[in-house]
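Asker: Dropping a structure here in structure tokens format, bear with me for questions.
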Amino acid sequence: MLTSGLLRPVDDAHAIDEAALLRYAAEHVAGFPSPARGLALTQFGHGQSNPTYCIEASAPGGVTARYVLRKKPPGAILQSAHAVEREFQVLKALGTYTDVPVPKVFCLCTDASVIGTPFYIMEHLEGLIYPDNKLTGVTPTKRKTIYLAAAETLAAIHKVDVTAIGLQKYGRRDNYCKRQVERWGRQYLSSTGEGKPARYQKMLDLAHWLKEHIPKEDSSAGFGTGLVHGDYRVDNLVFHPTEDRVIGVLDWELSTLGNQMCDVAYSSLPYIIDATTSTGYSYGGFEYTGIPDGIPPLEEYLAAYCSISARPWPAASWKFYVAFSLFRGASIYAGVYHRWTMGNASGGERARFSGKIANAMVDRAWDIINRENVLREQPARGMHVSNGPSQEFQRKHEGSISTKDQGKFVPSEKVMQLRNKLMKFMEYYIYPMESEFYKRAHSTSRWTIHPEEEKLKALAKREGLWNLFIPLDSAARARELLFEDMSHGSPGSSEELLLGAGLTNLEYGYLCEIMGRSIWAPQIFNCGPPDTGNMEVLLRYGTKEQQKQWLVPLLEGKIRSGFAMTEPQVASSDATNIECSISRQGDFYVINGTKWWTSGAMDPRCQILVLMGKTDFSAPKHKQQSMILVDVKTPGVQIRRPLLVFGFDDAPHGHAEITFENVRVPATNILLGEGRGFEIAQGRLGPGRLHHCMRLIGAAERGMNLMVERALSRTTFGKKIAQHGSFLADLAKCRVELEQARLLVLEAADQLDRHGNKKARGILAMAKVAAPNMALKVLDMAMQVHGGAGLSSDTVLSHLWATARTLRIADGPDEVHLGTIAKLELQRARM
């Protein structure tokens, strides 16, 4: 029915001072009719918690404006319940920064003297609400659309980056279910203190069972935790009057941060139990009474959610989540019944049946617990959302923040799912561990690996966020070479997953950018330099024996590698200057020379170096160089010292100076053949160096976020930094330059995919000039806003800046790239 159809006269128990409300609204609600000719107040009959009113204010000329007021109920209420202040906070953040459909909020009043209790005012959404979860009177086709739209919208809520919208402190993510069982157990006891209902002991036993069966994933603030609605149901959604889409999610009273699968299970309760409070006691949901024609089966509803949110199928813990949702629901309905007995339940006479519903939920929970199985191990074959998410949903919800997905390049649904998983992984695992990684990197154990790093790598691998850098064509080549004799190298196997997700360079760009937001992130996903470039070399140019010996353990993340090219005695940006010799002696090559800035060589896991030297000093200039594999344990390999980058030694990874004194390696270690070094280098440096540019975009984005947070929280000369005109101008310029660089890098990746390294060399050079210079400007501005803190190790800014600065040399000097761009421009003019 239309939202207006849910209105009724205001209950006597919920009457408020309309004159005081009119005065307050006129002063605090932007656009409120003034002077208002009158105010009509009615109450929404739907809902059992915070009293909700419709305000109709008439302006001169007969124009009527509608608003919604939501307030705490009068009288004694349970502690922490009915928090309208939190509702306002989450609605404000979602409405301002995301495309999650919520009503616009206008003002929050915490002064109880105005109308008796705190309240807030929001816009009135004229749409459709379906109080009956059976959707009686709705066509079968529309029923399916409604339920799948509900799944889509819930996925959109769960994909929100809470840190980006300022809700990172909205609640604790870890141990959510444990704390919720304790909280709702206390609520139930508070609601039933006067008299013990029939299911009292069964409810206490249920709480005990839940405490004993909390899923392991609940103990950490990890993947699958984030914004939780807390009361997500179809009847808390407003649908467009004529289009099959959600325009508003209501009733955020119980929202917090925590285990999001609880939302999914709670929204699935119509399949489990009929909690219709207008008919009294009822036991079975759709699975007992039969699914109304058109409503998708539970498996299809869950498959739709999991597909859009990139979540695993929840079979392993589904029994717990359903039982928990019923336990929680029983406590809520017991509270509603308790308020009804005291005369302040907002649902009116309908609330009188809620005690029986609470008892039914307890019985239903034990019925679920006593079953052997409650959900298939995997959804039935072909179970998916017909034709995928709606175009409207894709347009609005592919990204958590609406401003981030604009421009020519629109990532596929597959890439967006990976991107959202990656962002959540970063938020829940990487950022919280940064300080611990830094502490170890500055301790006497700096050249050892933090034990949490290997745990995070294993988790990333399980989540399918491993080796994402591997290009589609390289993966296909490696699959033939590595798995041709391995029956277990089938699609979806652990060996197959070592070869990444089958992404193009362009697709990887959206993910590599996210990794670049933290110095520590790339290696967690096995996507860090120089390993990525070295793996790419082995994938493209290594023999089968070389790949099995070195590539496979690199792909597995068991070892790391270094790239030995730069030399201290010559200008190595011109690789023809290299002096390190590689001399053939029978079945061996003997290497002599000195290398420095060999990144990764200090890592205790580093076992292999890709070294560039000269095999024939008399050959044509670009045929003298070769690349060869060197085991770091080979006699004569001496790691002399770690080099510092603006004071950072980047432990435990490090940048080493290494001498090679008569180092004998097997002749079979040569890559591709003598004189092919330049050929290999060009193949390696295209994608590899573009990865640096992608990560720099992410580093700059991190700098922007930290800069804005600082500017909004710090006061100088009587006002926030964000209110100073000079800051606003500089901030805007940073955003312009960042977006320009992002599009240039994506264009370079696209041309690399379509035309190859040689033809794309011009735009690759442009990206390599633009990205680090842009990142330096943004990070410098962020450090300036942070003042002394920006220069210290208390933030990541100085380290990100130092890394960006090195890439103007390590990624090839600007001068070389500018020369390439200019030469191509002159060639174009002569054509």
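Asker: Of the numbered conditions (1) surrounded by fewer than 21 Cβ atoms within 10 Å (Cβ to Cβ); (2) at pLDDT 95 or above, residue 610 satisfies every one except a single condition; which is it?
Answerer: Only one criterion is unmet by residue 610, namely (1).
Asker: So which pairs qualify, if the first residue must be in region 104-129 and in the same structural domain as residue 92 (by the TED database) and over 18 Å from residue 56 (Cβ atoms), the second must be part of a loop (DSSP other than H, G, I, E, B) and of a type in the set (D, E, K, R), the Cβ gap must be under 6 Å, and the two must be at least 6 apart or on different chains?
Answerer: 117/72; 118/72
Asker: Tell me which residues, restricted to region 576-590, are over 12 Å from residue 564 (Cα atoms) and buried (at least 20 other Cβ atoms within 10 Å of the Cβ).
Answerer: 582, 589, listed by residue number.
Asker: Could you list, in sequence order, all residues of region 103-122 that are open to solvent by less than 20 Å² (accessible area, probe 1.4 Å) and under 30 Å from residue 155 (Cβ atoms)?
Answerer: If the condition is that a residue be open to solvent by less than 20 Å² (accessible area, probe 1.4 Å) and under 30 Å from residue 155 (Cβ atoms), then 103, 105, 120, 121, 122 are the ones that fit.
Asker: Name the residue that is surrounded by the most Cβ atoms within 10 Å (Cβ to Cβ), counting only residues in region 667-680 that are part of a helix (DSSP H, G or I) and among the β-branched types (Val, Ile, Thr).
Answerer: Filtering first and then ranking leaves 680.
Asker: Report, by residue number, each residue of region 637-666 that is more than 43 Å from the chain's Cα centre (by Cα), farther than 19 Å from residue 550 by Cβ and either open to solvent by 30 Å² or more (accessible area, probe 1.4 Å) or free of Cβ contacts under 8 Å to residues at least 24 places away in the same chain (or both).
Answerer: Passing the criteria: 661, 662.
Asker: Of all the residues that make up region 162-189, how many are open to solvent by less than 30 Å² (accessible area, probe 1.4 Å) and touching a helix residue (DSSP H, G or I) at 6+ places or on another chain (Cβ under 8 Å)?
Answerer: 12
Asker: Are any of the residues in region 228-246 within 24 Å of residue 418 (Cα to Cα) and either outside any loop (DSSP other than H, G, I, E, B) or without any contact (Cβ under 8 Å) to a residue 24 or more places away in the chain (or both)? Quick ask: steps written out before the conclusion?
Answerer: Taking region 228-246 as the starting set, the residues that turn out to be within 24 Å of residue 418 (Cα to Cα) are 228-229.
Still in the running and either outside any loop (DSSP other than H, G, I, E, B) or without any contact (Cβ under 8 Å) to a residue 24 or more places away in the chain (or both): 228.
There is at least one residue in region 228-246 that is within 24 Å of residue 418 (Cα to Cα) and either outside any loop (DSSP other than H, G, I, E, B) or without any contact (Cβ under 8 Å) to a residue 24 or more places away in the chain (or both).
Asker: State which residue pairs qualify: first residue farther than 27 Å from residue 693 by Cβ and inside region 710-737, second residue assigned to a helix (DSSP H, G or I) and of a type in the set (Lys, Arg) in any location, beta carbons under 8 Å apart, and separation of 6 or more residues or different chains.
Answerer: Filtered contacts from region 710-737: 721/710.
Asker: Looking at region 127-161, which of its residues are among the charged types (D, E, K, R), outside any loop (DSSP other than H, G, I, E, B) and buried (at least 18 other Cβ atoms within 10 Å of the Cβ)?
Answerer: 143, 144, 152
Asker: Select from region 615-636 the residues that are more than 25 Å from residue 528 (Cβ to Cβ) and either surrounded by fewer than 22 Cβ atoms within 10 Å (Cβ to Cβ) or under 37 Å from the mean Cα position of the chain (by Cα) (or both) and list them in ascending order.
Answerer: Of the residues in region 615-636, the ones more than 25 Å from residue 528 (Cβ to Cβ) are 615-626, 635-636.
Result: 616, 617, 618, 619, 620, 621, 622, 623, 624, 635, 636.
Asker: Please state which of the following conditions residue 61 fails to meet, knowing it meets all the rest: (1) over 23 Å from residue 354 (Cβ atoms); (2) in a helix (DSSP H, G or I); (3) at pLDDT below 80; (4) over 38 Å from the mean Cα position of the chain (by Cα).
Answerer: Here residue 61 clears every test but (2).
Asker: Now, a different point. Just to be sure, is residue 683 modelled with pLDDT of 95 or more, part of a helix (DSSP H, G or I) and either among the hydroxyl-bearing types (Ser, Thr, Tyr) or out of contact with any strand residue (DSSP E or B) (no Cβ under 6 Å at 6 or more places or on another chain) (or both)? It would help to see each step written out before you state the result.
Answerer: Numbers: modelled with pLDDT of 95 or more: no; part of a helix (DSSP H, G or I): yes; either among the hydroxyl-bearing types (Ser, Thr, Tyr) or out of contact with any strand residue (DSSP E or B) (no Cβ under 6 Å at 6 or more places or on another chain) (or both): yes.
No; evaluated as a whole, the condition is false for this residue.
The values are calculated or read from the model by the stated rules, or taken from the named source; none is laboratory data. Please read these numbers as outputs of a predicted model, since none were measured by experiment. Positions of Cβ are backbone-derived with ideal geometry, glycine not excepted, and every protein chain shown enters the neighbour counts. Note: accessible area is taken over every heavy atom of the protein model, side chains too, but ligands, DNA and RNA are not part of it. Shrake-Rupley method; radii C 1.70, N 1.55, O 1.52, S 1.80 Å.
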